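Structure first, commentary second.
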Amino acid sequence: MFYREAGQFRTTYEADGQILPIRQDRIFLLATLAVAVLAVPFIASPYLLSAILIPFLIFSLAALGLNILTGYAGQLSLGTAAFMAVGAFASWNFVARIPGIPMLLAFVLGGLCAALVGIAFGLPSLRIRGFYLAAATLATQFFVIWCLTKISWLTNYSPSGVITAQQIEIMGYAFDTPQRKYVLVLLVVALLALLAKNLVRSNVGRSWMAVRDMDMAAEVVGIRPLRTKLLAFAVSSFYCGVAGALYAFAYLGTVEPEAYNLDLSFRILFMIIIGGVGSILGSFLGAAFIVLLPVFLNIVAHGLALPTSVASNLELMVFGALIIFFLIVEPHGLARLWQIGKEKLRLWPFPH
Amino acid sequence: MKLLPSLVFGAVLAGAIAPAFAQEQFVALPSYRVGPYASGGSGFYGGIIDYFSLVNAAGGVNGVKIAWQECETEYNPSRGVECYERLKTQRGGATLVEPLSTSIAYGILDRIPKDKIPMTMIGYGRSDAANGKVFPYVFPLISSYWSQAAAMVKYLADKNGGSLKGKKIVHLYHDSAFGKEPLPVLEALATQQGFELVKIPVAPPGSEQQAQWLQIRQARPDHVILWGWGVMNSVAIKTAQRNGFPREKILGVWWAGSEEDTVPSGDAAKGYTAMSFNTPGNYPVLDEIRAKLYKTGKGNLADQARIGSVYHMRGVTAGILFVEAMRTAQDKFGKGKPVTGEQLRWGLEHLNLDAARQKAIGAVNMFPTVKTSCEDHEGSGAVKVQQWDGKKWNAITPNWIVGDRALVKKLVDDSSNKYAAEKNIKPACMP
């Protein structure tokens, strides 16, 4: 009923090829965006904005980056946090060393630096695949963090290797409150998400999926595997790099190697597995799940007045159990659940 | 869809936030009791909470009860920032925060002056935050890493008859922000005093050090400074034994000087020395904690044998400093009512815990005299050296050691002024 498409006719190729062919989806997405931009900054508390929504959006962007690489191009990667670190450190250095550089340009350049690193570490993907490639990208993780602790030029010779991020300022306008930071992050993420959605629908995306499904066959039909794979690495790392820069500038406030450890890579991997591999929406759902659930469990445990040590172990157990439950019940993630729900709503209340 | 869970969550959260409580001094404790550093976190926060409970049992600070709330960070900067944001508005607003993690402290460093919540960094963190003109809300109380490094060199010099000229010292360090922090002091002192400094990094977490100790054996150093953390410490001690390097020549940092570091190493740790800003032993305040809290089942530690252990005593020390700051602030701004974060900041800046005050608390010589001011948020810089005899730690320096204060002061001023220039802060004392 909610998704009844009766009367929605697509008579042109443009109408058939649009991102959201169902009118309800379009209305829903626009309404969500409108609420997110126009209402949330005014009604949400600073805690909700700065501790929940901003990290949620940033992790969504990182998950989107990994999803492009793993979900669409089929290249396993454990180096997500390293690409984020490159983006953060590069952006910091661009801002610190080029006076007056526009902040957004610094983020883009940071993303481009991450893309270059991604290409370099994506090179082995032509020869190795699957778990072996995952091990190779693990090397990125260790190498980048090693570089950042080793080369003190990158941290401007700070004695401890930790530097504080500069204030975000765009055209003289300082993004210093949670509301402003949230709006900035939201706009960047929305823009890049739209770009990603279009990218995976284009011939580039099709060739990624062809390589993912069977790279031998893709080569036979004329897709150049190396170029396709490297492009996936570059685009994915760009997304991760921008996410890393936002993570440092809009969330943590510091730029340090520790924040981009292997643990973060794994968390982003969990996000796309739970959210849905090969789905844009899934990246957002997965990030929401991983960011919100521990906080939620933590608050529930606090409400029950459990001792903190019991509470945090309980949190880990519930979290682990839920992940296993989700993977057994719906291996294709939350995005697939949403899709099923939509199909059911199309027939509701009269199932066949 | 992506916003819906957040909104639902927000509604839940709004319900969870309790109304303002009167007559309570609220302290935010972003603690960690699970994860790789749980042993340190549980002991430290256990100590703080034990001391708070003790004060509350005696009626609070001039009748004002201390309230606190923990939030599990797992030592993760991202979760730490979330915890800080969550805790700061609870119960009418936090007036003090202690994250016991350099990364989390850095993450909230820019937020605390805006929120007007003082943050302590007892024994870690930014050494240059000792300059209260640039960091009015940050307090690296008792001793920073730089003071510790200077004191280490002083102790080693004294051990060698007053001079380290021509000696060789290895700095074996955790290859992270924490391990690199003392380098400016050590390098400056090496040129000044004419000893050779050999820097050997250990990749975190440090569970494999065969190559490093081989290198140390070849270098034949007179002393090894072990700047380690977590698993790295016991591995270092055991590998030193396997390589026949005398443990007496190893001097650990204070994060490498707890029971958790030495007990797993067994006999290998016997004779190992480490820094501390507490004098190991028993004190009336610990007896009181045993009698009033643990006898009645109100103690925070699950294992009573840990009462008075290095991390627990460090936590009790932190608790004493917090309570004294509240007392000092109340003396100025009105007794018998909770003080605000700004007022507590004033209290922290005017601490004076001399021997007489320590005696009243039941903690004489448990920690050095702490006297803070706007120029000196550290308040002491004095440390002790302790040695593991196979069963417990013993202080081997009867007096408190203070390193080259002038050098540390100069480095603090240089570094904090650089920070002030970067952030457009005008250095000034707050009234």
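The values are calculated or read from the model by the stated rules, or taken from the named source; none is laboratory data. Every value quoted in this text rests on a predicted model; they were computed, and no experiment measured them. Note that each Cβ is placed from the backbone with ideal geometry, even for glycine, and that neighbours are counted across all protein chains shown. These accessible areas exclude ligands, DNA and RNA; they are computed on the full protein's heavy atoms, side chains included. Shrake-Rupley method; radii C 1.70, N 1.55, O 1.52, S 1.80 Å.
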- Determine if the stretch A:139-153 includes at least one residue that is more than 14 Å from chain B (Cβ to nearest Cβ), in contact (Cβ under 8 Å) with a residue 40 or more places away in the chain and crowded, with 17+ Cβ neighbours inside 10 Å. yes
- Checking A:LEU33 against (1) open to solvent by less than 10 Å² (accessible area, probe 1.4 Å); (2) modelled with pLDDT under 95; (3) under 18 Å from the mean Cα position of the chain (by Cα); (4) under 28 Å from A:TYR173 (Cβ atoms), which test does it fail? (1)
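What tally of residues in the stretch B:131-146 results from selecting those that are away from chain A (no Cβ under 14 Å) and either assigned to a helix (DSSP H, G or I) or within 11 Å of the chain's Cα centre (by Cα) (or both)? Give the derivation first.
The first filter runs over the stretch B:131-146 and keeps only residues away from chain A (no Cβ under 14 Å), leaving B:131-133, B:136-137, B:139, B:141-143.
Of the ones still in play, those that are also either assigned to a helix (DSSP H, G or I) or within 11 Å of the chain's Cα centre (by Cα) (or both) are B:139, B:141-143.
Here the count works out to 4.
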- Item | Which numbered condition A:SER77 misses (of (1) in contact (Cβ under 8 Å) with a residue 60 or more places away in the chain; (2) away from chain B (no Cβ under 13 Å); (3) open to solvent by 10 Å² or more (accessible area, probe 1.4 Å)) | (3)
- Message: Being over 30 Å from B:LYS114 (Cα atoms), assigned to a loop (DSSP other than H, G, I, E, B) and either without any contact (Cβ under 8 Å) to a residue 60 or more places away in the chain or open to solvent by less than 20 Å² (accessible area, probe 1.4 Å) (or both) is the filter here; which residues of the stretch B:334-383 pass it?
- Response: B:ASP354, B:GLY362, B:ALA363, B:MET366, B:PHE367, B:PRO368, B:THR369, B:ALA382
- Note on the structure: For the stretch A:15-45, the count of residues that are closer than 30 Å to B:GLN90 by Cα, in a loop (DSSP other than H, G, I, E, B) and more than 12 Å from every other protein chain (Cβ to nearest Cβ) equals 0
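Results for (1) facing chain B (nearest Cβ under 9 Å); (2) touching a strand residue (DSSP E or B) at 6+ places or on another chain (Cβ under 9 Å); (3) hydroxyl-bearing (Ser, Thr, Tyr); (4) outside any helix (DSSP H, G or I), shown as yes or no for each residue.
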| residue | (1), (2), (3), (4) |
| --- | --- |
| A:LEU269 | no, no, no, no |
| A:GLY278 | no, no, no, yes |
| A:ASN298 | yes, no, no, no |
| A:MET317 | no, no, no, no |
- Message: Go through the stretch B:196-218 and report how many residues are closer than 17 Å to B:PHE245 by Cβ and open to solvent by 20 Å² or more (accessible area, probe 1.4 Å).
- Response: 9
- Task: Scan the stretch A:170-195 residue by residue and report those that are open to solvent by less than 70 Å² (accessible area, probe 1.4 Å) and among the basic types (Lys, Arg).
- Result: A:LYS181
- Sort out which residues of the stretch B:399-414 are in contact with a helix residue (DSSP H, G or I) (Cβ under 7 Å, 6 or more places away or on another chain) and not in a strand (DSSP E or B), and write them in order of number. B:VAL402, B:GLY403, B:ASP404, B:LEU407, B:VAL408, B:LEU411, B:VAL412
- Query: Can you tell which of A:ASN203, A:ASN261, A:ASN198 is open to solvent by 30 Å² or more (accessible area, probe 1.4 Å) and within 14 Å of chain B (Cβ to nearest Cβ)?
  - Reply: A:ASN261
- Task: Answer yes if at least one residue in the stretch B:144-154 is touching a Lys or Arg at 6+ places or on another chain (Cβ under 7 Å) and open to solvent by less than 10 Å² (accessible area, probe 1.4 Å), and no otherwise.
- Result: no
- Within the stretch B:67-83, can you find the residues that are more than 8 Å from chain A (Cβ to nearest Cβ) and either surrounded by 24 or more Cβ atoms within 10 Å (Cβ to Cβ) or aromatic (Phe, Trp, Tyr) (or both)? B:TRP68, B:THR73, B:TYR75, B:GLY80, B:CYS83
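If I ask for residues that are open to solvent by 20 Å² or more (accessible area, probe 1.4 Å) and in a loop (DSSP other than H, G, I, E, B), which ones from the stretch B:384-398 would you list?
Our first condition is that a residue be open to solvent by 20 Å² or more (accessible area, probe 1.4 Å); within the stretch B:384-398, this holds for B:387, B:389-392, B:394-396, B:398.
If the condition is that a residue be open to solvent by 20 Å² or more (accessible area, probe 1.4 Å) and in a loop (DSSP other than H, G, I, E, B), then B:ASP389, B:GLY390, B:LYS391, B:LYS392, B:ILE396, B:PRO398 are the ones that fit.
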- Task: Quickly run through the stretch B:94-130 and pick out the residues that are within 11 Å of the chain's Cα centre (by Cα) and of a type in the set (Phe, Trp, Tyr).
- Result: B:TYR124
- Scanning for something more than 14 Å from chain B (Cβ to nearest Cβ), over 27 Å from A:TYR3 (Cβ atoms), in contact with a Cys (Cβ under 7 Å, 6 or more places away or on another chain) and surrounded by 23 or more Cβ atoms within 10 Å (Cβ to Cβ), does the stretch A:48-62 turn up at least one residue? no
- Meets criteria (at positive phi and either surrounded by 24 or more Cβ atoms within 10 Å (Cβ to Cβ) or among the small types (Gly, Ala, Ser) (or both)) for B:GLY403: no
- Message: Suppose we filter the stretch B:100-125 for residues that are within 11 Å of chain A (Cβ to nearest Cβ), touching a strand residue (DSSP E or B) at 6+ places or on another chain (Cβ under 7 Å) and assigned to a loop (DSSP other than H, G, I, E, B); how many remain?
- Response: 2
- Name the helices (runs of 4 or more DSSP H) wholly within the stretch B:174-291 that hold at least 1 residues that are of a type in the set (Gly, Ala, Ser) and in contact (Cβ under 8 Å) with a residue 12 or more places away in the chain? B:177-180, B:183-193, B:210-219, B:231-242
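Check A:ILE323, A:ILE299 and return the single one that is within 29 Å of B:GLY46 (Cα to Cα) and at pLDDT below 85. Before the answer, list the steps.
On the way: A:ILE323 fails: within 29 Å of B:GLY46 (Cα to Cα).
Answer to the check: A:ILE299.
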- Item | Within the stretch A:280-296, considering residues that are more than 26 Å from B:CYS71 (Cβ to Cβ) and more than 10 Å from every other protein chain (Cβ to nearest Cβ), the one least open to solvent (accessible area, probe 1.4 Å) | A:GLY282
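If you check A:TYR247, A:TYR239, which single one turns out to be aromatic (Phe, Trp, Tyr) and within 14 Å of chain B (Cβ to nearest Cβ)? Write out each step before concluding.
Details: A:TYR239 fails: within 14 Å of chain B (Cβ to nearest Cβ).
Criteria check complete, one pass: A:TYR247.
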